Amino acid sequence: MTRLDLSFAITPYDRVQPLLSGEVRLEGIRLRYFDLNAPDVFVRQIKWSQFDVSEMSFSSFLRARSQGWPYRALPVFHNRNFSYTRILIRRSSGIRPNHPEDLKGKHVGIADYQQTAGLWQRGVLEHEFGVAPGDMEWFQERPPELSHTGTTGFDVPAGVKFHYTDTDLGTMFLRGDLDAAFTYITGTAIDRDKADLSRNPDYCLLFDDPRAESCRYYQKEGVFPPHHLTVVRESILQEHPWVSLDLMNAFEKAKKLAMDRLRVRTPSLLIFSREDLEQQRSVFGDDPFAYGVKANAKAIDMVQTFSVEQGFTPKKQPLDELFPREILTYEGRL
């Protein structure tokens with residue numbers, strides 16, 4: 001049997017390692033793996049549609065898909081994160097820890113305004129704490145040619161003050177030009193080098209206990225925010241409709257293997273790994289990284305809501321415009 005050859009780019013998460021190593025095999029598909037950092041994959045996909053299957057920014061997928069981008073999403077979600085709890089603040093800015101309302105009127109840095117971390121951060125701050133995007137002045141570190149924003153023709157919504165920076169966010173912090181940073185990324189292929197401020201006493205996180213705040217939000221909303229999903233070239237799905245289900249099954253098998261192994265042997269380099277795992281299970285259950293449309297229905301709706309509210313997409317898109325029909329049929333949604 002001739003196997004379908006597909007290019008595949010994704011961050012090597014522990015949940016996909018058994019698939020990358022070949023331990024989990026697809027009978028009719030051969031995946032040619034490209035080990036690239038997520039921001040680099042996103043720009044390559046949005047600009048050139050380089051890969052058949054890849055990890056993708058949820059926010060940028062919705063934006064690009066609304067403009068006719070020829071990819072569909074698999075409900076296989078990566079890089080879930082309570083990113084709003086990791087906002088970095090300058091202590092002398094007047095922003096008090098645990099007081100998100102103090103962000104109003106402040107200068108805020110971000111790697112990429114369109115990135116999903118920013119989408120979730122702004123959405124949670126507005127809906128949970130009454131801080132709207134227009135309440136802050138935004139400074140984006142990535143230039144247009146390396147940005148999700150620039151590659152999809154994003155127009156800044158009315159009332160939002162937005163600028164591209166002429167230097168890195170670390171330099172702006174140290175000059176006193178920034179009060180907070182929603183994302184402070186370094187070490188990737190497309191982000192500028194910047195000072196490590198994690199041990200600088202002049203800076204701290206917006207929430208002094210990010211874990212407690214994350215658990216509070218999850219227990220209130222029941223959502224572990226997905227930042228990235230998986231996309232497949234639409235022409236492949238049209239010619240080979242079975243591909244979406246085979247890929248879904250492979251991702252599920254790989255995740256199960258990784259989770260089973262974690263429960264048997266937690267990481268030895270983490271001193272309290274066993275206790276941390278039990279605490280996680282007590283709050284988030286046995287599988288915080290659930291795949292599927294049904295299991296993530298509320299999160300999918302929230303991302304679409306934030307995308308419309310923040311001006312990235314004109315309206316919420318029907319599920320059968322985002323996901324392969326075979327996946328929806330399999331889940332019993334059509």
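Bear in mind that the values in this text are calculations on the coordinates, not laboratory data. This structure is a prediction, so every number in the text was calculated from the model and none was measured. In this analysis, Cβ positions are derived from the backbone assuming ideal geometry, glycine residues included, and neighbour counts consider all displayed protein chains.
Tell me which GluC sites (Glu not before Pro) from region 27-136 have a DSSP coil assignment and no more than 15 other beta carbons within 10 Å of their own.
Details: sites: 27, 55, 101, 126, 128; in loops: 27.
Of the GluC sites (Glu not before Pro), the ones in loops of region 27-136 whose Cβ has at most 15 other Cβ atoms within 10 Å are 27.
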(request) Determine, from the Cβ-Cβ distance of residue 32 and residue 325 and an R0 of 30 Å, the FRET efficiency 1/(1 + (r/R0)^6), rounded to the nearest 0.05. (result) 0.70
(request) Considering Cα pairs under 8 angstrom that are at least six residues apart, work out the relative contact order of the chain and quote it in whole percent. (result) 27
(request) At most 10 other Cβ atoms within 10 Å plus a DSSP loop assignment makes a site exposed; report the longest stretch of the chain without any exposed trypsin sites (Lys or Arg not before Pro). (result) 1-198
(request) With only Lys, Arg, Asp and Glu charged, each at its Cβ (+1 for the first two, -1 for the last two), find how big the charge dipole of region 83-221 is about the Cα centre; round to the nearest 20 debye. (result) 280
(request) Mind jotting down a quarter of the surface of the convex hull over the alpha carbons of region 25-154, in square nanometres, one decimal? (result) 9.7
(message) Can you show me the helix-derived [θ] at 222 nm for the chain, built from DSSP H runs with n ≥ 4 at -39,500 (n - 2.57) apiece and divided by the number of residues, rounded to the nearest 500.
(response) -10500 deg cm²/dmol
(request) Let me know the longest stretch in the chain that avoids all chymotrypsin sites (Phe, Trp or Tyr not before Pro) found in a DSSP loop with at most 13 other C-beta atoms within 10 Å. (result) 1-241
(message) Here is the link list: 161/220; 255/298; 104/220; 161/315; 220/316. Which ones come out longer than 27 Å on Cα distance?
(response) 161/220
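In the chain, what percentage of the DSSP-assigned beta bridges are antiparallel, given to the nearest 5?
Approximately 45 percent, going by the DSSP bridge assignments.
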(request) Report, in debye and to the nearest 20, how large the dipole of the chain comes out about its Cα centre when Lys and Arg carry +1 and Asp and Glu carry -1 on their Cβ. (result) 440
